[in-house]
1. Could you give me the percent of Cα pairs per 10 Å distance bin for segment 2-138, shortest bin first, beginning at zero and ending with the bin that holds the maximum distance?
2. Please identify every one of the trypsin sites (Lys or Arg not before Pro) in segment 101-140 that sits in a loop by DSSP and has no more than 16 other beta carbons within 10 Å of its own beta carbon.
3. Evaluate the relative contact order of the chain (contact order divided by residue number), counting alpha-carbon pairs under 8 angstrom at least 6 apart; express in whole percent.
4. Using the charge dipole of segment 2-138 (Lys, Arg: +1 at Cβ; Asp, Glu: -1 at Cβ; taken about the Cα centre), state which of ALA72, SER106, THR52 has its Cα farthest towards the positive end.
5. Bin width 5 Å, origin at 0, all Cα-Cα pairs of segment 18-92: what percent of pairs per bin?
6. Quickly estimate the mean residue ellipticity at 222 nm for the chain, helices only: each DSSP H run with n ≥ 4 gives -39500 (n - 2.57), and the total goes over all residues, rounded to 500.
7. Just add up the charged neighbours of PHE53: K/R +1, D/E -1, any other residue whose Cβ is under 12 Å from the Cβ of PHE53.
Amino acid sequence: MRELIQATDSNGPAWYLLGCSLLRNDRTEEAARAFGMAYHRDCNLQTAAMLTFACLKARSDYSADIIDQVLATWEEMHRPNIQRKVEDRRLLDGLTETTREAPRLSPLGRMIWLVTGPASQSRIEELIKTGGPRWSALRE
């Protein structure tokens, strides 16, 4: 990803994928920057804007969980439709090849599943099993 970004700094999707890789490796602060660059390079990457803020909030509060922060940011942004933009859909569809199969999730839950790593994915599975109204946004 870094080589692709260096070759063409204006590649929003490459920045986005770098952000996903960093987030999967618990490098939240760097992921925030990459998602911010993705959105700056392609304003149609709506989820990049949301992930930028969620990563910044998770990083500023070391006890904060990225799942909690994405949900909070989604609420703060007035529950945007994650599937509205074709650019987001293409990137998220491509990410399905890079992770294990997800349980039945809402579009927001699926997005979180695809951009985070195995620890967060396991937590998502636990959250949708245990229920509770707070986690309803993750369920299909």
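Throughout, read-outs are computed from the coordinates displayed, never taken from laboratory work. What you are looking at is a predicted structure, and each value in this text was computed from that prediction instead of being measured. Here the Cβ positions follow ideal geometry from the backbone for every residue, glycine too, while neighbour counts run over all protein chains shown.
1. All Cα pairs considered, the percentages come to 13, 47, 34, 6, 1.
2. ARG104
3. Once normalised by length, the contact order is 19 percent.
4. The one lying farthest along the dipole's positive direction is SER106.
5. For segment 18-92, the binned pair fractions read 3, 19, 27, 27, 17, 5, 1 percent.
6. -20000 deg cm²/dmol
7. Taking every Cβ under 12 Å from that of PHE53, the sum is 0.
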